[in-house]
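Below is one structure, written out as C-alpha cells; comments come after it.
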Amino acid sequence: MAETFEHDPVIWTAGQLREALKDVPDDTPLYIGVAPRPDAEDFDDQVLVGYAAVTRYRPATGSGPARKDVEHTLFAQWPGGRYEVPE
C-alpha cells in the first residue's frame with residue numbers, strides 16, 4: 001500500500017487577501033504560484049485572469065443532506081508568451 005499524508009492547507013479569506021494587497025498599486029498584474037502536487041515547494045507561474053462566485057452542488061452523503069455552496073474563485077491562466085503546440 002502506498003504511503004499517504006494529510007494535506008490541510010489554510011485557505012485565505014477575502015480580508016486576508018485585501019490586507020496583503022493594500023499597498024499594491026491597482027494596475028499591478030497578479031501572478032499565482034500553482035503547486036503541481038499537494039505540499040509541494042516548487043510552483044508553476046500562472047497569472048490571475050478572473051473571478052466568479054461559483055455555485056457548487058454537493059450531493060447528499062451518509063454524513064449530511066445535499067447542499068449548495070458558493071465558492072469565491074480566482075481563475076488563473078498561463079502567462080503570455082510563445083509556447084509549443086501540444087501533440
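Regarding segment 66-73, can at least one residue be identified that is among the basic types (Lys, Arg) and either modelled with pLDDT of 90 or more or touching an Asp or Glu at 6+ places or on another chain (Cβ under 7 Å) (or both)? Within segment 66-73 (the criterion being among the basic types (Lys, Arg) and either modelled with pLDDT of 90 or more or touching an Asp or Glu at 6+ places or on another chain (Cβ under 7 Å) (or both)), the answer is yes, since at least one residue qualifies. Just one of the numbered conditions (1) in contact (Cβ under 8 Å) with a residue 12 or more places away in the chain; (2) open to solvent by 80 Å² or more (accessible area, probe 1.4 Å) is not true of LEU30: (2).
The residue list GLU19, GLU41, GLU84 contains one member that is within 20 Å of PRO9 (Cα to Cα), free of Cβ contacts under 8 Å to residues at least 40 places away in the same chain and loosely packed, with under 10 Cβ neighbours inside 10 Å, which is GLU41.
The values are calculated or read from the model by the stated rules, or taken from the named source; none is laboratory data. Predicted model, so just to flag it, every value in this text is computed and none were measured. Glycine also receives a Cβ, built like all others from the backbone with ideal geometry; neighbour counts cover every protein chain displayed. These accessible areas exclude ligands, DNA and RNA; they are computed on the full protein's heavy atoms, side chains included. Shrake-Rupley method; radii C 1.70, N 1.55, O 1.52, S 1.80 Å.
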